[in-house]
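For reference, the structure discussed in these notes is given below.
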Amino acid sequence: MNMTPKKGTVYVVDDDEAVRDSLQWLLEGKDYRVRCFESAEAFLARYDPREVACLIVDIRMTGMTGLELQDRLLERKSPLPIVFITGHGDVPMAVNTMKKGALDFIQKPFNEDELLGIVERMLEHAREAFADHQQAASRDALLGKLTGREAQVLERIVAGRLNKQIADDLGISIKTVEAHRANIMEKLNANTVADLLKIALGPTTGAAKVSA
């Protein structure tokens, strides 16, 4: 039986064992899965980007700092939501982390209700980012089935080109264009041109119109 809590994973990175223990006790008591690390280096070695998770990290640590960890995650294009633990003197520094994409920062000593609210907000953000990532991966897998010529035809379909125009663009017959269109529809599991647009352009296509 799977006993993993459904709320998501919270990574805690802090070189202060007392802080790690306190956060673990609080968050596990609210049914979160908690994974604690004493250094940013240890976290990076174990971080799984496929997990729906968020990160609580201290700004100031021995070794790699929380700021440097944020930069490493940005380099990896990680969507992991981050909240920083700060001391009173670190607030200007924490504000700068938010300009780089951190969702929030919390000051010591923690307000438990505030912290729990931030964690839930971060995990909701993580769930949305994970869903977007899964959709993009599925879309890329489907588009990867197309040949180079089919990709060229699809690009022109999306641009609203007629079959005759596509044939002229590519120097092929209209019948060949029609055959490519049929193959594209089949490979992308699309029943209509609207379906094709949603796959080709992603979920924000809207009510685009294409001439057949």
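Just a few scattered comments:
- Virtual spin-label span in nm between K100 and D48, 7 Å along Cα→Cβ: 2.7
- Within the accessible surface of the chain, defined with a 1.4 Å probe on protein heavy atoms only, the carbon and sulfur portion equals 51 percent.
- Between A129 and Q24, the modelled labels are 2.4 nm apart [label points 7 Å from Cα along Cα→Cβ].
- Among 69-78, 11-20, the order from most to least packed when residues are scored by Cβ within 10 Å on average: 11-20, 69-78
- For the residue pairs K77/K99; K145/K175; K30/K108; K30/K100; K7/K187, the C-alpha atoms sit more than 26 angstrom apart in K30/K100; K7/K187.
- When each of the peptides 109-118, 47-56 is scored by the mean number of other C-beta atoms lying within 10 Å of its residues, the order from highest to lowest reads 47-56, 109-118.
- The residues of the chain present an accessible area of 57 Å² per residue when probed at 1.4 Å with all protein chains retained.
- Taken over the chain, the alpha-carbon convex hull comes to 166 cubic angstrom per residue.
- Spatial separation of Cα centroids for segment 79-131 and segment 23-66, in angstrom: 12
- Phi to ³J(HN,Hα) by Karplus 6.51 cos²θ - 1.76 cosθ + 1.60 over segment 63-75, Hz, x for Gly, Pro: x, 5, 7, x, 5, 5, 5, 4, 4, 5, 5, 5, 4
- Trypsin sites (Lys or Arg not before Pro) lying in DSSP loop within segment 99-168, provided at most 14 other Cβ fall within 10 Å: K100, K145
- Cα lying deepest toward the dipole's positive end in segment 1-138, options M61, P81, A129, charges on Cβ: A129
The values are calculated or read from the model by the stated rules, or taken from the named source; none is laboratory data. What you see is a predicted model; the values in this text were computed from it and never measured. With ideal geometry, Cβ positions are generated from the backbone for all residues, glycine too; neighbour counts draw on all protein chains shown. SASA here: full protein model, heavy atoms, side chains in, ligands and nucleic acids out. Shrake-Rupley method; radii C 1.70, N 1.55, O 1.52, S 1.80 Å.
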